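Below: one structure, written as structure tokens.
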Amino acid sequence: MAREYVHGYNAPEAARLLDQASTLTELLHGDTAYPAGSLVLEAGCGVGAQTVTLAAKSPQASFVSVDLSPASLERAKARVGEAGLRNVKFQEADIYRLPFSEAHFDHVFVCFVLEHLARPEAALAELRRVLKPGGTLTVIEGDHGSAYFHPDSEFARRAVQGLVELQRRAGGDALIGRRLYPLLVQAGVREVRVSPRMVYVDASRPTLVDGFIRKTFTAMVEGVSEQAIRQGLIEAGSWRQGIRDLYRTAEADGTFCYTFFKAIGVK
């Protein structure tokens, strides 16, 4: 793993992850479905933000969702239980040393995980190991360098860059979306296809204004305020201005763009 998950494991971060998942469900998962009888590994399930969508969209497939954090797994179990889903089992596991035999799963799914890893290449090799020949590996990641907005703001851009730098110092890569194709190819995955999924938001899309600009992206940047200031990445006043300017893009004349990348390949 990266040296630390920069966003933390507190209740506000769990809520942000759930807001993000519900806001982006169709964009990221509209074409995600697994055949009846499939055994699917979800690696790095966290609080179950993606798990409920995966399990609900493929009710006749079976999922094994793993994570390194026992607290996150408990939240994921509760969320799946509340949704009335019975096709998911949870297990504590390290993505670098999965407790499964070679070629154990029909498919593997991983979302918003590689960006937090110090060795994504090693993680992908391990995920490929437990995948059956002919099975698919699906990876979804964002890329903070793809964010742009109106009104533009030097302070807002510095705040976003502050988060990128924090993640780099923690051993991760907040720009990993642009690297998915070479990473999967280097891991020995075949027939890799990467599709960019752009979120564009303006006042005519109020659900995205609230769900993405405010509750997903800006909340994510704002959530690392204390770390960014403490580590001297930016002066406190400039940081606060940057956060205000990000929220400013959610007003009637604002716009916001961000691109996620979804890669699918075959073992």
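The values are calculated or read from the model by the stated rules, or taken from the named source; none is laboratory data. Bear in mind that the values here come from a model prediction, so they are computed numbers and not experimental data. Using ideal geometry, Cβ is built from the backbone for each residue, glycine included, and neighbour counts are taken over all protein chains shown. When the accessible area is computed, the model is the full protein with side chains, heavy atoms only, and any ligands, DNA or RNA have been set aside. Shrake-Rupley method; radii C 1.70, N 1.55, O 1.52, S 1.80 Å.
Just to check your reading of the model, which residue among Gly177, Gly172 is out of contact with any strand residue (DSSP E or B) (no Cβ under 6 Å at 6 or more places or on another chain), open to solvent by less than 30 Å² (accessible area, probe 1.4 Å) and either of a type in the set (Val, Ile, Thr) or not in a strand (DSSP E or B) (or both)?
None of the others qualify; the one that does is Gly172.
Name every residue in the stretch 110-145 that is in a strand (DSSP E or B) and among the basic types (Lys, Arg), in order of residue number.
Lys132
Name the residues in the stretch 222-264 that are of a type in the set (A, V, I, L, M) and more than 30 Å from Phe109 (Cα to Cα), would you?
Keep residues of the stretch 222-264 that are of a type in the set (A, V, I, L, M), which gives 224, 228-229, 233-234, 236, 243, 246, 250, 252, 263-264.
Residues satisfying the conditions are Ala228, Ile229, Leu233, Ile234, Ala236, Ile243, Leu246, Ala250, Ala252.
Taking the stretch 33-67 only, how many residues are open to solvent by 10 Å² or more (accessible area, probe 1.4 Å) and of a type in the set (Val, Ile, Thr)?
4
Which pairs turn up if I take residues in the stretch 70-89 that are at negative phi and in a helix (DSSP H, G or I) and look for partners that are open to solvent by 50 Å² or more (accessible area, probe 1.4 Å) and modelled with pLDDT under 95 with beta carbon separation below 8 Å, at least 6 apart in sequence or on another chain?
Ala71/Tyr9; Ser72/Tyr9; Arg79/Leu18
Can you tell me which residue is farthest from Val209 (Cα to Cα) among those in the stretch 229-253 that are of a type in the set (D, E, K, R) and surrounded by 17 or more Cβ atoms within 10 Å (Cβ to Cβ)? Spell out how you get there, then give the answer.
Taking the stretch 229-253 and keeping what is of a type in the set (D, E, K, R), we get 230, 235, 240, 244-245, 248, 251, 253.
Retained after the next criterion (residues that are surrounded by 17 or more Cβ atoms within 10 Å (Cβ to Cβ)): 245, 248.
On the way: Asp245: 14, Arg248: 11 Å.
Among those residues, the one meeting the criterion is Asp245.
Go through the stretch 105-155 and give me each residue that's more than 17 Å from the chain's Cα centre (by Cα), under 17 Å from Leu184 (Cβ atoms), free of Cβ contacts under 8 Å to residues at least 40 places away in the same chain and open to solvent by 30 Å² or more (accessible area, probe 1.4 Å).
Passing the criteria: Ala122, Arg129.
Gly223 fails exactly one of the following numbered conditions: (1) surrounded by fewer than 21 Cβ atoms within 10 Å (Cβ to Cβ); (2) closer than 18 Å to His116 by Cα; (3) at pLDDT 95 or above; (4) of a type outside the set (Lys, Arg). What is the number of that condition?
(3)
Take the residues in the stretch 182-206 that are of a type in the set (Val, Ile, Thr), more than 15 Å from Leu28 (Cβ to Cβ) and outside any loop (DSSP other than H, G, I, E, B); name whichever of them is least open to solvent (accessible area, probe 1.4 Å). Before the answer, list the steps.
Going residue by residue through the stretch 182-206, those that are of a type in the set (Val, Ile, Thr) are 185, 189, 192, 194, 199, 201.
Subsequent filtering for residues that are more than 15 Å from Leu28 (Cβ to Cβ) retains 185, 189, 192, 201.
Adding the requirement that they be outside any loop (DSSP other than H, G, I, E, B) leaves 185, 192, 201.
On the way: Val185: 67, Val192: 21, Val201: 0 Å².
So the residue we want is Val201.
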